[in-house]
Every structure is written in C-alpha cells, then in structure tokens.
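Worksheet: the structure to be examined is printed underneath.
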Amino acid sequence: METWRWVAGGAGAECLIILTDRSGGRHLYHQRSAGAAPREITSGEWEIASFEVDAAKRQFYFVANKSYMPERQLYRVALAGGAVQRISPETAGTNQPVWSPDFRHVASQFSSDTMPPELTLIDTAKPGRAPQVTKSPQPEFYAPTWRNPGYFQFPRHIHGLHIPVIITVT
C-alpha cells in the first residue's frame, strides 16, 4: 500500500512524496515531476508507519521502527535526504503522535511493555526529551514488579524473513 502527499513549494519546488514498500520496506521517496524516477529519501532494514510533511522547513516527521522491530519511535529527515534524526527519547516503546501545525511540538501517547499509555510532550527543537504530562495508573499498578519480556526473531524458511516473538517468563 502506498501513501502519497503533494508538497507545494512554489517556484517549481512542488513535488510528490511517496511512502511505499517498493524496496522491500516502507520508505519515503521524492518524485519531482510526472514521469520522473522517484528518489529514495530513507532506506534501511526498518519501516516507516506514517509521516507528516513540514513544507516550510522542507523536512518530514515520521513514526518508524528504526531502533527495533516492535517499537514505534519519532524521527525527522530533510526532503533532500541525509541523516535521520530521532526526536523521541531513547526509551523503548511506542508513540502515537499528534504534531502541532508548525511542527514545533508533538503530543504523543507513549506506552511500553511495562507502562500503560501516557501523554508526553516533545519540543522538536530539543529532541530526546519527553516530559510526561499524565500519570494514569492508580498506585496499585506500581505495587508488583512488572517483567520486561524478551524479544526474539526466529528465521522463516519462506523468503528468508524473520518472525518477531515476545517471550515472558513468570
């Protein structure tokens, strides 16, 4: 499945951005004009789940599993490509972001294997910090010691892919 976004820039800077799995993983491509070959913006052994375009700064913000397969972290990259910068903290887990219209901030529902969903707020000018806004669980939630499950990948004999598996021991 492909996702397409038109980026208006004026003075011939318009382009089409495509999120597609044509290279095997879901990555961003830039297509300057009809009939032109799309240029890959991101690549690697990871996938992008969703993206937003900051047309004013000519960059993309996206949710991806770049750090580890089961995670969904927040990143950005320039339209021209280059280094991908992580916006979310180094804490393992998943993010469900809502970006401010100017992309200066992102409110994210963050959760992990040992933490229920909580609202965090990230200043994109200060990546890696996400103060927690809510504290939803009752104190009883913190009484037991929650186990961190182990993540493993088992090879499949079809297509040489791996199956991610979660194992918990009680």
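The values are calculated or read from the model by the stated rules, or taken from the named source; none is laboratory data. As the structure is a prediction and not an experimental result, all values here were calculated from the model. When we count neighbours, we look across all protein chains shown, and the Cβ atoms used for this are built from the backbone with ideal geometry, even at glycine. SASA here: full protein model, heavy atoms, side chains in, ligands and nucleic acids out. Shrake-Rupley method; radii C 1.70, N 1.55, O 1.52, S 1.80 Å.
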Out of Phe152, Pro116, Gln59, whose Cα points farthest toward the positive end of the dipole of region 59-163 (charges: +1 Lys, Arg; -1 Asp, Glu; placed on Cβ)?
-> Gln59
Nearest 20 debye, what's the magnitude of the dipole of the chain about its Cα centre given +1 on Lys and Arg Cβ and -1 on Asp and Glu Cβ?
-> 280
Read phi for every residue in region 141-151 and hand back ³J(HN,Hα) as whole Hz from Karplus 6.51 cos²θ - 1.76 cosθ + 1.60, θ = phi - 60°, with x for Gly and Pro.
-> 4, 8, 5, x, 8, 7, 7, 7, x, x, 9
Give the dimensionless ratio obtained when the Cα radius of gyration of region 64-157 is divided by 2.2 N^0.38 Å.
-> 1.25
Quick one: Kirkwood hydrodynamic radius for the chain, alpha-carbon pairs, angstrom, one decimal?
-> 17.9
What does the accessible area per residue of the chain come to in Å², with a 1.4 Å probe and no ligands, DNA or RNA counted?
-> 61
From phi via Karplus (6.51, -1.76, 1.60), per-residue ³J(HN,Hα) for region 102-108 in Hz, x at Gly/Pro | 9, 6, 6, 9, 9, 8, 10
Taking H placed 1.01 Å from N in the peptide plane, check which residues at least 5 places from Gln59 or on another chain put their amide H under 5 Å from its amide H.
-> Asp54, Leu79
How many angstrom lie between the C-alpha centres of region 1-70 and region 71-114?
-> 15
Determine ³J(HN,Hα), in whole Hz, for all residues of region 29-46 in sequence, where each value follows from phi through the Karplus function 6.51 cos²θ - 1.76 cosθ + 1.60 and θ = phi - 60°; x replaces Gly and Pro.
-> 10, 10, 10, 6, 8, 4, x, 6, 6, x, 9, 6, 8, 10, 7, x, 8, 8
Could you name the lysines in cross-link range of Lys57, using Cα to Cα under 22 Å and dropping any fewer than eight places away on the same chain?
-> Lys126
